[in-house]
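Engineer: Can you keep this structure in mind? I'll have questions shortly.
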Amino acid sequence: MTGPIRLELPDGSILTLPAGTTPRSVAEKIGPGLARAAVAAKVDGELWDLDRPIFRDCKIEILTPESPDALWVLRHSSAHVLATAVRQLFPEAQIGFGPPIEDGFYYDFDVPRPFTPEDLQRIEERMREVVKADYPFVREEVTREEARRRFKDDPLKLERLEELGDDEVISVYTDGPFTDLCRGPHVPSTGYVKHFKLLHAAGAYWRGDSRRQMLQRIYGTAYFTKEDLEADLRRREEAEKRDHRVIGRQLDLFSIQEDVGPGLVLWHPRGAVIQFELRRLIEDELIKRGYELVYTPHVTREQLFIRSGHLPLYEENQFPAMAAGHGEVEEVRYRVKPMNCPMHILIYASRQRSYRDLPLRLAEVANVYRNELSGALHGMLRVRGLTMDDAHIFCREDQIEQEIFEILDLADFVLHQTFGLEYRLDLATRPEKKLGTDQMWDTAEAALRAALERRGLTYGIDEGGGAFYGPKIDIKLRDAIGREWQGTTIQLDYELPERFELEYTGADNRPHRPVMIHRAIYGTLERFVGMLIEHFAGAFPVWLAPEQVRVLPISEGQIEWARTVYDRLRAAGVRVHLDQRNETLNYRIRDGELMKVPYLAVVGRREAEQGTVAVRARGSEKKQEIMALEQFVELVRSKIASRALSV
């Protein structure tokens, strides 16, 4: 377009300006205050540089530091400032990708050796020089041939260049001495990147492929204000103290050992107690709510996952097939299961079902196995062996809304009422790789949306975030220091009942197709326990604590009464330990505190004579409280029975 263009502002007003005008000019037209604060723009919803010309009618929004998308732009530019500094200090470094991420940014480099903490300090100092130089970010659109010439010494960039389609615009950005192949956008100049911090470096395979070379990834974060950066660094410091891998080792909860394999968790006795209690909580509650428990094998014939559609769309996350056992035909292959739904479907299909049988709710706390990339594994939060509190509900279409309501009630009972967790909801819609027709997806998405809206719940939209067989409701948990975690998932599925030709006999005595709801309240017990460790910093509520009471006799003379206290607590169902080691009382008290035991019951001469215990409650301002034994037993029992969050 060569004539005037019409620009619609967020308030609906229209500006008519010459073609080729820039968002900066628009900001100046609106007012000098906005022009001074502007950092980028959105043009028809696409992020846009302030000085990039516009040649079409469009909707335009000027972004300031307060705009939700502005931080993404700043962090993208921060990654380029990082790459500029690395290229100056390490001229031989080959350049990979440098995207903004949820809590910061990173950039990948192919260098002869890993970066050291001293390297990061030097890089950060050089970044400050790049910021001080205030280089403008200059965008150019170039031909493929010109891009090849500019990046002839950067094989990683050349590889990315060859993946671009013939109709894609190829753009490069230059800030001072550094030029990068990049879609943009960026803040106007490097001087905007004032408040940043490099966090750490780690190895990362090129393109996430373990068959490719190992690159060095530098992580950092950036904010528009010093206060926001300092607050984030304090949060990170607190998160580091709460690291579930460190606390898990300190409390002897679990381990992941090379002899078994990465991503495969060994639950130690103390950690197994936590899993046991979580299983008991969910299974007891499910039985109350009309679920039926089932158990299914860990392996199955490969054909089952071909029929379900999982294998064609999910093979990269499945472990390789195994040969058939003795006596079976050679072409039969087995797979360890990555999910339970096909087996639950077979249980449904094992006999004729009537409309009166529905909803049928089948639940299983089951082990499944997914071959995650080794670089993605992270303690208990990303594993290859998963324990899912899985359930599949087979229902009529007119029952969908009520079933969704009841699942949301169950999730609220577990997450908020039991653990005190706050959460929010997202509706995740169809992904690019999916099973089923668009009409089927339209129906499923509309059903979930209607259930959420009739329930009066607010929710966000996660475009393309659904499972390949259906849309889902995702519950995102917020922990004690404000971080979000993936929690409950509720998926609506019309496709698998169709693939397996599931039926029920309706009131009209004719066959009908049921609808299937997949749901997991915890998600996986590994990730949920990892999250709980960090949320509670290892100080679990009494009912969940691996060791609820530790009895500490002061000397040999009180061991008999200490054993009586121990026996009485154990008879009351309390997880109790008698610590009669030949160590000082202070040492044993300190050890109990480090192990985050909710109650330390100290027994001295006075307690032995009076039939009491001196109770030290975890985190209490009182040093200790003298209580009659039965009073103490009742206190602990009541905390366990009520699943109280406090001691």
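Engineer: Name the single residue, out of those in the range 270-311 being open to solvent by 40 Å² or more (accessible area, probe 1.4 Å) and among the β-branched types (Val, Ile, Thr), that is farthest from Leu253 (Cα to Cα).
Structural biologist: So the residue we want is Ile306.
Engineer: Tell me which residues, restricted to the range 95-115, are surrounded by fewer than 19 Cβ atoms within 10 Å (Cβ to Cβ), touching a strand residue (DSSP E or B) at 6+ places or on another chain (Cβ under 6 Å) and in a strand (DSSP E or B).
Structural biologist: Asp110
Engineer: Just one of the numbered conditions (1) polar (S, T, N, Q); (2) surrounded by 14 or more Cβ atoms within 10 Å (Cβ to Cβ); (3) farther than 19 Å from Thr225 by Cα is not true of Ser78; which one?
Structural biologist: The one condition Ser78 does not meet is (3).
Engineer: Only one of these is of a type outside the set (Val, Ile, Thr), in contact with a strand residue (DSSP E or B) (Cβ under 8 Å, 6 or more places away or on another chain) and under 30 Å from Glu125 (Cβ atoms): Pro177, Pro155. Name it. First the steps, then the outcome.
Structural biologist: Numbers: Pro177 fails: in contact with a strand residue (DSSP E or B) (Cβ under 8 Å, 6 or more places away or on another chain).
Within the list Pro177, Pro155, the selection yields Pro155.
Table: residues versus (1) over 30 Å from Val246 (Cβ atoms); (2) of a type in the set (A, V, I, L, M).
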site: Leu304; (1), (2): yes, yes
site: His310; (1), (2): yes, no
site: Tyr369; (1), (2): no, no
site: Gly379; (1), (2): no, no
site: Met388; (1), (2): no, yes
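Engineer: Hey, can you tell me all the residues within the range 574-604 that are assigned to a loop (DSSP other than H, G, I, E, B), within 21 Å of Ala644 (Cα to Cα) and of a type outside the set (D, E, K, R)?
Structural biologist: Val574, Met595, Val597, Pro598
Engineer: Determine whether the range 253-271 contains at least one residue that is farther than 24 Å from Gly375 by Cα and among the aliphatic types (A, V, I, L, M).
Structural biologist: No.
Engineer: Okay, next question. With farther than 30 Å from Gln213 by Cα, without any contact (Cβ under 8 Å) to a residue 60 or more places away in the chain, surrounded by 15 or more Cβ atoms within 10 Å (Cβ to Cβ) and of a type in the set (A, V, I, L, M) as the only criterion, which of Ala85, Ala27 stands out?
Structural biologist: Ala27
Engineer: Among the residues of the range 610-629, is there at least one that is open to solvent by 60 Å² or more (accessible area, probe 1.4 Å), among the charged types (D, E, K, R) and part of a helix (DSSP H, G or I)?
Structural biologist: Pass one, the range 610-629, residues open to solvent by 60 Å² or more (accessible area, probe 1.4 Å): 610, 619, 621-626.
If we keep only those that are among the charged types (D, E, K, R) as well, we get 621-623, 625.
In the following step, the residues that additionally are part of a helix (DSSP H, G or I) were identified as none.
There is no residue in the range 610-629 that is open to solvent by 60 Å² or more (accessible area, probe 1.4 Å), among the charged types (D, E, K, R) and part of a helix (DSSP H, G or I).
Engineer: Also: Please determine, by comparing only the residues of the range 414-441 that are open to solvent by less than 20 Å² (accessible area, probe 1.4 Å) and among the hydroxyl-bearing types (Ser, Thr, Tyr), which one is farthest from Asp462 (Cα to Cα).
Structural biologist: The extreme case among them is Thr418.
Engineer: Further question: How many residues are over 18 Å from Gly592 (Cα atoms) and of a type in the set (Val, Ile, Thr) when one looks only at the range 606-636?
Structural biologist: Looking only at that region, the number is 3.
Engineer: Would you point out which residue out of Arg234, Arg249, Arg245 is in a helix (DSSP H, G or I), open to solvent by 60 Å² or more (accessible area, probe 1.4 Å) and more than 26 Å from Asn371 (Cα to Cα)?
Structural biologist: Only one candidate passes the filter, namely Arg234.
Engineer: So Ala239 clears everything in (1) at pLDDT 95 or above; (2) hydrophobic (A, V, I, L, M, F, W, C); (3) under 27 Å from the mean Cα position of the chain (by Cα); (4) farther than 30 Å from Glu316 by Cβ except one condition, right? Which one?
Structural biologist: Checking Ala239 against (1) at pLDDT 95 or above; (2) hydrophobic (A, V, I, L, M, F, W, C); (3) under 27 Å from the mean Cα position of the chain (by Cα); (4) farther than 30 Å from Glu316 by Cβ, the one that fails is (1).
Engineer: Within the range 373-415, which residues are assigned to a loop (DSSP other than H, G, I, E, B) and more than 19 Å from the chain's Cα centre (by Cα)?
Structural biologist: Initially, the range 373-415 is screened for residues assigned to a loop (DSSP other than H, G, I, E, B), giving 373, 377, 379-381, 383-384, 396.
Residue satisfying the conditions is Arg396 alone.
Engineer: Can you tell me how many residues within the range 37-67 are touching a residue at least 40 places away in the same chain (Cβ under 8 Å), acidic (Asp, Glu) and over 15 Å from Ser25 (Cβ atoms)?
Structural biologist: Here the count works out to 1.
Engineer: Which condition number in (1) at positive phi; (2) modelled with pLDDT of 95 or more is the one that Gly464 fails?
Structural biologist: For Gly464, the exception is condition (2).
Engineer: Is it true that some residue in the range 321-332 is touching a residue at least 40 places away in the same chain (Cβ under 8 Å) and more than 20 Å from Tyr469 (Cβ to Cβ)?
Structural biologist: Here is the first cut: in the range 321-332, the residues touching a residue at least 40 places away in the same chain (Cβ under 8 Å) are none.
Looking for residues that are touching a residue at least 40 places away in the same chain (Cβ under 8 Å) and more than 20 Å from Tyr469 (Cβ to Cβ), one finds none in the range 321-332, hence no.
Engineer: Also, quick follow-up: If I filter the range 442-460 down to residues being without any contact (Cβ under 8 Å) to a residue 24 or more places away in the chain and in a helix (DSSP H, G or I), which single residue comes out as least open to solvent (accessible area, probe 1.4 Å)?
Structural biologist: Ala446
Engineer: Scan the helices (runs of 4 or more DSSP H) fully inside the range 267-338 and keep the ones with 1 or more residues being at pLDDT 95 or above.
Structural biologist: Once the helices (runs of 4 or more DSSP H) in the range 267-338 are filtered for at least 1 residues that are at pLDDT 95 or above, what remains is 269-288.
Engineer: Also, quick follow-up: Take the range 155-205 and flag every residue that is over 25 Å from Thr225 (Cα atoms) and of a type in the set (D, E, K, R).
Structural biologist: The answer is Lys157, Glu159, Arg160, Glu162, Glu163, Asp166, Asp167, Glu168, Asp180, Arg183.
Engineer: To continue, here is another question. Exactly one condition in (1) in contact (Cβ under 8 Å) with a residue 24 or more places away in the chain; (2) open to solvent by less than 30 Å² (accessible area, probe 1.4 Å); (3) more than 26 Å from Ala222 (Cα to Cα) is not met by Pro10; state its number.
Structural biologist: Of everything listed in (1) in contact (Cβ under 8 Å) with a residue 24 or more places away in the chain; (2) open to solvent by less than 30 Å² (accessible area, probe 1.4 Å); (3) more than 26 Å from Ala222 (Cα to Cα), Pro10 misses just condition (2).
Engineer: Further question on the same structure: Quick check, is Gly263 within 21 Å of Tyr522 (Cα to Cα), modelled with pLDDT under 95 and not in a helix (DSSP H, G or I)?
Structural biologist: Yes: the conditions hold for Gly263.
Engineer: If you don't mind, there's one more thing I want to ask. Is it true that Leu600 is modelled with pLDDT of 95 or more, open to solvent by 10 Å² or more (accessible area, probe 1.4 Å) and within 42 Å of the chain's Cα centre (by Cα)?
Structural biologist: no
Engineer: Here is a further query. Could you give me the residue pairs with C-beta distances under 9 Å whose first residue belongs to the range 120-146 and is closer than 20 Å to His186 by Cβ, whose second residue is open to solvent by 50 Å² or more (accessible area, probe 1.4 Å) and of a type in the set (S, T, N, Q) wherever it lies, and which are 6+ apart or on separate chains?
Structural biologist: Every condition considered, the pairs that remain are Arg126/Gln88; Glu129/Gln88; Val130/Gln88.
Engineer: Tally time: how many residues in the range 543-568 are over 15 Å from Gly611 (Cβ atoms), touching a strand residue (DSSP E or B) at 6+ places or on another chain (Cβ under 8 Å) and not charged (D, E, K, R)?
Structural biologist: Within the range 543-568, residues that are over 15 Å from Gly611 (Cβ atoms), touching a strand residue (DSSP E or B) at 6+ places or on another chain (Cβ under 8 Å) and not charged (D, E, K, R) number 5.
Engineer: When the range 273-288 is examined, which residues are found to be free of Cβ contacts under 8 Å to residues at least 60 places away in the same chain and under 15 Å from Arg575 (Cα atoms)?
Structural biologist: Within the range 273-288, Phe276 is the sole residue that qualifies.
The values are calculated or read from the model by the stated rules, or taken from the named source; none is laboratory data. This is a predicted model, so every value here is computed, not measured. Heads up, the Cβs are rebuilt from the backbone with ideal geometry, glycines too, and the neighbour counts pull from every protein chain shown. When the accessible area is computed, the model is the full protein with side chains, heavy atoms only, and any ligands, DNA or RNA have been set aside. Shrake-Rupley method; radii C 1.70, N 1.55, O 1.52, S 1.80 Å.
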